[in-house]
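Q: One structure, pasted below without further comment.
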Amino acid sequence: MNATLSSLPGTSDLVLKGGRVIDPATGTDGILDVAVAAGKITAVGPDLPVPAGATRLDLSGAIVTPGLIDTHAHIYEHVTGDFGLNADLVGVRGGVTTVVDQGGPSALTFGGFKQFIVEPSQSRVLCFISSYLAGGLLGHRYVDLYGPTGINVAAIVKTARQYPDLIKGIEAHAEPGGFSRWGLESLKLGKKAGRELGLPLYVHLGTLWPQKEGSDVNPREIIEQVVPLLDAGDVLAHPFTRYPSGFVGADGAIHPLIFEALAKGVTIDVGRGAHFSFDNARAVIDAGILPTTLGADLHGYNIKYPNGGRWYRGMFTDTDDVVPAEDKADEDAALPFSTPYGLHHAMSELMALGVTLPQVVAMATSNAAKLLRMQDTIGALKPGMDADISVFRILKGEWTLRDSNGKQVIAKQLLHPDSVVRAGKVIGTDSPLLPDLAQLAA
Ligand SMILES: [Zn+2]
């Protein structure tokens with residue numbers, strides 16, 4: 001009798017033995033083996049044979065999941081200055097097999113993204129293309145580049161049609177700084193492109209730019225105008241932001257339109273970033289809202305050395321020299337977060353708030369694959385799927401998790417990456433962006 005849950009014929013070249021396999025897409029959670037051949041998953045089941053010549057990975061005590069998908073990263077290295085991190089440091093070397101750049105590449109700069117980021121990376125690299133012709137240069141620092149005159153819908157549509165395997169949606173903003181200048185005109189153009197393409201719009205909430213002098217935008221008004229524009233499959237991002245976003249009010253109440261948005265199929269991405277607030281996360285989760293996906297929103301401005309220096313300072317162009325002091329975001333100096341973090345860390349933070357391991361795994365695997373409309377290729381451990389697999393461990397103990405307000409929560413467990421299988425190849429996780437465990441020990 002074949003006890004294998006499911007299998008393809010043929011000989012495996014890699015077998016992951018004895019880990020706890022959590023695969024929300026198939027409802028699997030148990031001590032099982034996973035077999036791989038020629039870059040594809042061939043079997044998932046107990047006691048799978050390891051053929052002569054195949055690599056055996058003994059993973060007892062480890063968690064084995066479909067390759068984790070980070071739905072929000074900034075990896076357009078060099079072109080976006082020290083904002084863009086190296087894709088593989090965020091990706092495979094950080095325990096993540098698929099990395100989605102949010103709004104870095106644009107219709108004008110997409111060719112470079114494909115040639116210099118997508119192609120040389122071991123990680124699977126995808127993107128939500130920027131609404132703006134400029135793309136996310138220096139993290140959108142020069143606000144005047146991002147008005148409606150800096151958007152060309154036809155250019156977005158043409159580029160996205162040219163690269164459907166790489167461009168999975170469109171990134172736009174709905175935040176007080178832009179709103180004070182142009183209302184939602186920029187976002188409406190991004191949405192227009194999305195409608196033409198049938199692709200989702202990813203909407204950044206929470207302050208990004210300073211407001212136009214003399215304006216005083218009520219972020220609730222932004223939510224009231226943006227929700228009616230959205231369709232099923234569009235994404236509201238940064239629900240936990242400590243900045244005024246309208247998602248969570250100053251009183252901790254969730255804007256009632258958020259529930260309407262969810263009811264019509266709009267999804268929510270964590271977009272952890274440099275503005276994560278435990279208090280707001282608790283308010284959202286206590287209101288019964290579970291994020292759909294879990295982008296870590298790593299970028300060069302929120303990975304800082306313990307001494308406060310930026311990760312990439314001086315590595316490329318010294319962009320500090322070209323940015324006038326008054327244009328620098330004040331958070332840059334004030335940001336209390338000083339240790340590296342990553343997708344596993346963002347998962348641990350949600351678990352510290354009561355979200356379960358299978359739920360956070362679903363956010364980073366099956367739900368993310370659905371957002372990318374790639375659920376037939378990645379995000380599940382089924383025979384025939386690409387062999388993108390993440391292996392991580394649960395470190396028990398007492399860990400101090402710090403949010404961007406400096407608030408601390410003690411966690412009893414911390415997820416920490418061990419290795420990945422990407423396109424069938426085993427890669428160890430040695431990214432220097434990963435958290436320093438000694439610093440997190442409570
Ligand atoms: Zn971001």
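The values are calculated or read from the model by the stated rules, or taken from the named source; none is laboratory data. What you see is a predicted model, and the numbers here were worked out from it, not measured in a lab. All Cβ positions, glycine included, derive from the backbone under ideal geometry; neighbour counts span all protein chains shown.
Q: Residues of segment 123-144 being modelled with pLDDT under 95, within 14 Å of the ligand (Cβ to nearest atom) and part of a loop (DSSP other than H, G, I, E, B), which ones?
A: His140, Arg141, listed by residue number.
Q: Go through (1) away from the ligand (no atom under 16 Å from the Cβ); (2) within 17 Å of the chain's Cα centre (by Cα); (3) over 19 Å from Phe392 (Cβ atoms) for Glu119 and report which single condition fails.
A: The failed condition is (2).
Q: Moving on to the next point. Let me spell it out: the conditions are (1) surrounded by fewer than 24 Cβ atoms within 10 Å (Cβ to Cβ); (2) in contact with a helix residue (DSSP H, G or I) (Cβ under 6 Å, 6 or more places away or on another chain); (3) not polar (S, T, N, Q), and Asp70 meets all of them except one. Which number is the exception?
A: All conditions are met except number (1).
Q: While we're on this one: Within segment 64-78, count every residue that is in a strand (DSSP E or B), in contact with a Ser or Thr (Cβ under 8 Å, 6 or more places away or on another chain) and away from the ligand (no atom under 16 Å from the Cβ).
A: Qualifying residue count, segment 64-78: 3.
Q: Within segment 218-236, can you find the residues that are in contact with a Ser or Thr (Cβ under 9 Å, 6 or more places away or on another chain), within 23 Å of Gly273 (Cα to Cα) and in a loop (DSSP other than H, G, I, E, B)?
A: Applying the first criterion (in contact with a Ser or Thr (Cβ under 9 Å, 6 or more places away or on another chain)) to segment 218-236 yields 219, 222-223, 232-236.
Checking which are within 23 Å of Gly273 (Cα to Cα) leaves us with 219, 222-223, 233-236.
Across segment 218-236, the qualifying residues are Gly233, Asp234.
Q: Now for a separate question. Check whether at least one residue in segment 137-144 is over 19 Å from Ala155 (Cβ atoms), surrounded by fewer than 24 Cβ atoms within 10 Å (Cβ to Cβ) and among the aliphatic types (A, V, I, L, M), and report yes or no.
A: Looking for residues that are over 19 Å from Ala155 (Cβ atoms), surrounded by fewer than 24 Cβ atoms within 10 Å (Cβ to Cβ) and among the aliphatic types (A, V, I, L, M), one finds at least one in segment 137-144, hence yes.
Q: Related question: Considering only segment 145-216, give the helices (runs of 4 or more DSSP H) lying wholly within it that have at least 2 residues that are in contact with a Pro (Cβ under 8 Å, 6 or more places away or on another chain).
A: On the way: elements: 153-162, 176-182, 185-197.
It comes to 176-182, 185-197.
Q: Given the condition among the basic types (Lys, Arg) and under 19 Å from Arg393 (Cβ atoms), answer yes or no: does some residue in segment 96-115 qualify? Break it down stepwise before answering.
A: From segment 96-115, those among the basic types (Lys, Arg) are 114; that's our starting set.
With under 19 Å from Arg393 (Cβ atoms) added as a condition, the list becomes none.
Scanning segment 96-115 turns up no residue that is among the basic types (Lys, Arg) and under 19 Å from Arg393 (Cβ atoms).
Q: Quick one: which of Arg124, Arg161, Arg181, Arg220 is of a type in the set (Lys, Arg), over 20 Å from Thr98 (Cα atoms), in the same structural domain as Gly84 (by TED's automatic domain parsing) and under 24 Å from the mean Cα position of the chain (by Cα)?
A: Numbers: Arg124 fails: over 20 Å from Thr98 (Cα atoms); Arg181 fails: under 24 Å from the mean Cα position of the chain (by Cα); Arg220 fails: under 24 Å from the mean Cα position of the chain (by Cα).
The unique qualifying residue is Arg161.
Q: Those residues that are surrounded by fewer than 18 Cβ atoms within 10 Å (Cβ to Cβ) and either assigned to a strand (DSSP E or B) or modelled with pLDDT under 95 (or both), I need them from segment 21-37; list them, please. Let's see the steps before the verdict.
A: Of all residues in segment 21-37, those surrounded by fewer than 18 Cβ atoms within 10 Å (Cβ to Cβ) come to 26-27, 29-31.
Residues satisfying the conditions are Asp29, Gly30, Ile31.
Q: Continuing with this model, one more query. Scanning for something crowded, with 24+ Cβ neighbours inside 10 Å, assigned to a loop (DSSP other than H, G, I, E, B) and either more than 16 Å from the chain's Cα centre (by Cα) or without any contact (Cβ under 8 Å) to a residue 24 or more places away in the chain (or both), does segment 97-113 turn up at least one residue?
A: The answer is yes; a qualifying residue exists.
Q: Anything in segment 237-254 that is more than 15 Å from Thr207 (Cβ to Cβ) and touching an Asp or Glu at 6+ places or on another chain (Cβ under 8 Å)? List them, or say none. Walk me through how you get there before you give the answer.
A: Let us first name the residues in segment 237-254 that are more than 15 Å from Thr207 (Cβ to Cβ), namely 251-254.
Hit for segment 237-254 is Gly252, nothing else.
Q: Test each condition in (1) within 16 Å of the ligand (Cβ to nearest atom); (2) over 30 Å from Ser215 (Cβ atoms) for Leu197 and report the one that comes out false.
A: Of the numbered conditions (1) within 16 Å of the ligand (Cβ to nearest atom); (2) over 30 Å from Ser215 (Cβ atoms), the odd one out for Leu197 is (1).
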